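Just below is one structure, and these are the notes that go with it.
The values are calculated or read from the model by the stated rules, or taken from the named source; none is laboratory data. Model, not experiment: these values are computed from the prediction. Here the Cβ is made from the backbone with ideal geometry for all residues, glycine too, and neighbour counts use every protein chain on show. Note: areas computed on protein heavy atoms with side chains; ligands, DNA, RNA excluded. Shrake-Rupley method; radii C 1.70, N 1.55, O 1.52, S 1.80 Å.
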Amino acid sequence: LDVYKKFALEKWAYFTEKALKNREEVYIIDSAIFQFQIFAFLFKNRSYEELQSFINQIVDIIQPLNPCLIYLYRNNTEATIDYLEKDRGTSYLNYLWNRDKAQPYYTGKPPGAESFKQFLRDYASIADLLFSSFPANKLPLEISDGNWACREDEMLSFLDASRMPS
């Protein structure tokens, strides 16, 4: 993880340098700030403080780009887990646990889908904390209702953008 952190910060610096040369471009980077970082740190049993510090280093690097964060989430993590299990099956949750069971996170935890569900709960808690402390322009969007047209309108308004005709 320490090697990854160094490499990742170098890549963010490179990206920022290149992006600053073309200010007309807009970059939409899905899940890059939180999702992969949370997975990596949580799997390795690293502290929230270390993760937050790393995220803050990324934010410091990209700050010249005036980043905005749109956070899609569901209030009810248990309902999300239930949906995932119904949609993909318990066998899929067991597959994910089995794929990652050697990670330090799972040490001492019971085998199978229930441990993966706990991972998802821990992930959601960490994502909420990171979003709350994120020091840039941000918009939380609760997506449980599935009303994507409304969420799209909220995003466009937040970004002070208009729809373009097809």
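Things to note:
- Residue list for the stretch 1-28, filter: over 21 Å from Leu42 (Cα atoms) and in a loop (DSSP other than H, G, I, E, B): Lys21, Asn22, Arg23, Glu24, Glu25, Val26, Tyr27, Ile28
- The set of residues in the stretch 42-66 being open to solvent by less than 80 Å² (accessible area, probe 1.4 Å), free of Cβ contacts under 8 Å to residues at least 60 places away in the same chain, over 19 Å from Asn137 (Cβ atoms) and in a helix (DSSP H, G or I) consists of Glu50, Ser53, Phe54.
- So Gln118, is it open to solvent by less than 40 Å² (accessible area, probe 1.4 Å) and either without any contact (Cβ under 8 Å) to a residue 60 or more places away in the chain or closer than 25 Å to Phe158 by Cα (or both): no
- Qualifying residue in the stretch 73-93 (condition: touching a Lys or Arg at 6+ places or on another chain (Cβ under 9 Å) and surrounded by fewer than 13 Cβ atoms within 10 Å (Cβ to Cβ)): yes
- Under the condition of being without any contact (Cβ under 8 Å) to a residue 60 or more places away in the chain and part of a helix (DSSP H, G or I), the residues counted in the stretch 122-154 number 10.
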